[in-house]
1. Report the label-to-label distance for B:Ala170 and B:Lys482 in nanometres (one decimal), using points 7 Å from each Cα along the Cα→Cβ vector.
2. Rolling a 1.4 angstrom probe over the protein chains, ignoring ligands and nucleic acids, what is the accessible area of B:Val630 in square angstrom, nearest 10?
3. Pop out the ³J(HN,Hα) list for segment B:458-468 in order, Karplus 6.51 cos²θ - 1.76 cosθ + 1.60 with θ = phi - 60°, rounded to Hz; leave Gly and Pro as x.
4. Enter the mean number of other protein chain beta carbons within 10 Å of the beta carbon of each residue in B:222-228, as an integer.
5. Residue separation times 0.36 nm, minus the C-alpha to C-alpha distance between B:Leu542 and B:Lys556: what's the value?
6. Enter the mean number of other protein chain beta carbons within 10 Å of the beta carbon of each residue in B:663-671, as an integer.
7. By the scheme Lys and Arg +1, Asp and Glu -1, what is the net charge of all other residues having a beta-carbon under 9 Å from that of B:Ala272?
8. Using the Karplus curve 6.51 cos²θ - 1.76 cosθ + 1.60 with θ = phi - 60°, what ³J(HN,Hα) values do you get for each residue of segment B:49-62, in whole Hz, with x for Gly and Pro?
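The values are calculated or read from the model by the stated rules, or taken from the named source; none is laboratory data. These numbers come from a predicted model, not from an experiment. Quick reminder, even Gly has a Cβ in these numbers, built from the backbone with ideal geometry, and neighbours come from all protein chains shown. Heads up: the accessible areas ignore ligands, DNA and RNA and are worked out on the full protein's heavy atoms, side chains in. Shrake-Rupley method; radii C 1.70, N 1.55, O 1.52, S 1.80 Å.
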Amino acid sequence: MSQRQLKINGEDKTVDVPDNMPLLWVLRDVLGMTGTKYGCGIAQCGACTVHLDGRAIRSCQMPVSAVGSRAITTIEGIGKTPTGARIQKAWLDEEVVQCGYCQSGQIMSASALLATTPKPDDADINAAMAGNICRCGTYVRIRAAIKRAAEGEQPT
Amino acid sequence: MNATFKDSIAEPSRRAFIKGGVAGGFLLAFHVPVFGGINEPNQPADDTNGKFAPNAFIRIDKAGKTTLVMPQVEMGQGVYTSVAMILAEELDADYSQVTLEHAPPNDKAYGNPTFGIQVTGNSNSIRAFWKPLRTAGASARAMLIQAAAKQWKVDPSGCAASDGKVTHGASNRTLSYAALADAASKETPPKDPPLKDPKQFKLIGKPQKRFDTPSKVDGSAVYGIDAMLPGMKFATIMASPVFGGKVSKVDDTAAKQIPGMQLVIALDDMVAVIGDHFWAAKSGLDALKITWDHGPNATVSNDAIWKHLRDESAKDGVIAKSVGDVKKAFESGEKFHAVYELPFLAHATMEPMNCTVQLKPDGGCEIWLGTQVISRVQQTVAKLLGVSDDKVIVHNHLIGGGFGRRLEPDMALKAVRVAQRLNGEPVKVVWSREEDMRQDVYRPVYRDEISATVSDGKIAGWRYKISGSSVIARWLPPAFQKGIDIDSIDCAVDQPYDFPNLEVQYMRVEPPAVPTGFWRGVGPNNNVFAIECFIDEVAKKLNKDPIAFRKSMLDKGPRFKAVLDLVAQKSAWGQPLGKRVGRGVCLQPAFGSFIATVIEAEVDEQGEVLLRKVNCAVDAGIVVNPDTVVAQLQGGIIFGLTAALYGEVTIDGGRVQQSNFHNYRMLRIDQIPSIDVHIVHSGEAPGGIGETGATAGPPALRNAIFAATGIPLRRLPIDLDVLAGRKQPWV
Ligand code: FES
Ligand code: FES
């Protein structure tokens, strides 16, 4: 156990948790930020995806001690980034969501993709999104929404 | 140290509450109706005080806030939006301003007309509630109009309602529903209020944005697993991995070293670990040395289960349906025979099982979870606690995948048993994915035997025997009559084709040890698979085109023919394809909808199956929200294809061998073809949709593989070794 500072969605947070505790559980159970989801705990499903310095990572596999000073972005904060907002809007326009449980992770993976690859092709989408399972099978619309967001204008 | 930590828990918890209220503002920003009141624990779920509350579904307060109470739960199937559309349509409410609320447990007010209890399942929300909801809306509208007419001293027939207002055209006067709420409360609900002519529908049939979506893209949606209470403890559990086993001894020496691990609770059949957070609880559980008393199921294996099913299925079953003279029919013609087998399946809902409980000093409790059966949760928990039902308060939530798994109350009962060992603190019990997969109620193994005789190019005699577990017999005993499981024979007794002589037998066979449950697509999955595979095998032997052969036996089924024609056209049926590429068709009558699906697939030399294209034509009668029909079929087909390609739970030593997504695989985005859904607007009564795709996928894919390779697979999941020629097909 040790006190540590985390930078989450632009805010500084102090937590006092075991070093090897995965970031996922720090977010959900200690900080009450429940938008990030638990699905498998073994890097198989992507439900727990967050960004560290803009890169998508599986928070169930990221010991909090390894985060360091990197900036954490979660689903609660992704709408403040231009690509995140664009992805969220495309998700609504395409009516992607079903049960929604996987969608925090899908949106985090998709917005990281778009930030580095503004015009992803199908192969880019496959590579970036194949780690995210959707049990409801919303994949067809996820692909369409990513393409729509890539085409779309910046929201004002 | 500890104190700091506790503070940091309590504070964000309070914030988590407020978040539910703030969510509404975000929604408004997207110009969709406010979706509030879902997870505020202290909100009375069904507050009718001072409101116009003409029935269980509608509340209008004096400020004009119109609340629609949802008898069916939202699991991603879009039912909240469809139910709201139906109510608002007949009520003539201002749809952009309505608020939705989960129904509280109350079988009398919100029971599913098909089951008599509160159930969201069997794809029947719209079918079962279509008339009651329309009537509820129309009756409230009539009362509002009466109230306005009285106030104006005019004949109600001269008044009309729209967008939350009543207008008297002749005098050009208008009153809002808010202004009329009080007076309308005093009106008597009319007996048979006139329903709208479908031609007047303003909402129904027009694509509407879903209510639940905005909160699901910004992380503010609250599922059961997200419940947060001040002072809450976190727990995880492990039940005996061998079905029916007991805890014998628990050594917690190592677990005690885990920071944040608080308490180990050994119950009769399971162990729970309490911690400061899930991670501490899970690490603590992993560090325990548990000795189990495995009990009588310790030797149950897959082989034994299949042998049992095969032996039992050889016996005579109960005749579920008999038409014509099957015996005589089989005295002539060309004979066909095949057996199909389907495996155990897990639900693997994306949100693992969970339940939060707070015991109350009066002996009752409060519960937070997402369930398809809220009143059953209430009743079974009350029974466990030995209190009356009203002492158990259940807060329902958005559901991170139901698929039939949340038709069971077990996660609530287990959580309550854990809470009973605490000192009244609230506790959130979250299952690990491994626990979720190993303590499921599994889609049963089935064995289906079909014989047919063919005369003049058509099937003249048909014998079909279904053997498998009866979930109904356990879950709704009164519905299990005379040895027949009505779900298991669904789509077998009402199969689409004109067979002049037909016999359907049902043989209940319960697998040793393994608990069985409803799984998206239920009985139709099994029956449509066997029937549609068999039809293709017969067509091939007779050298007939699979769609043409089906159509030749559909003289009494114009709606079936229509969807087959449409899907044939959209899928370019009959156009040449490359080597090892095939198209397969599936026709199904399931859940009151008429659906034909064509899948195009390629099988490579290694046996790998590449999905190339899916087309689906659906006649679901009057469609409430067309986009939901498309979405449910797209998703459902993927759900079914996942099972066809990978789904199999196997048993060894009385325990489930699969544990997580690495050995219970899911289709992923890089494997998904285009899935085009084509709606036929027949104007008939609404059909069900939520489960139909799960039924459609497997037979269509299997028939595509049959067309591509000539190999008639008769078991699922699809065996790549067989497709690669490394192994003989199972027959
Ligand atoms: S929970 Fe982290 S990948 Fe599944
Ligand atoms: S929307 Fe339900 S798991 Fe993806």
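1. 5.9
2. Surface open to solvent at B:Val630 totals about 30 Å².
3. 10, 6, 9, x, 9, 10, 9, 10, 9, 10, x
4. Working: counts 2, 5, 0, 5, 6, 1, 4.
Across the residues of B:222-228, the mean count of other-chain Cβ atoms within 10 Å is 3.
5. Values: separation 14, 0.36 × 14 = 5.04 nm, distance 2.23 nm.
Result for the pair: 2.8 nm of gain on full extension.
6. Per residue, the average neighbour count from other chains is 6.
7. Details: positive: B:Lys414, B:Arg417, B:Arg421; negative: none.
Net charge in that neighbourhood comes out at +3.
8. Coupling constants for segment B:49-62: 4, x, 10, 7, 10, x, 7, 5, 9, 10, 9, 10, 9, 5 Hz.
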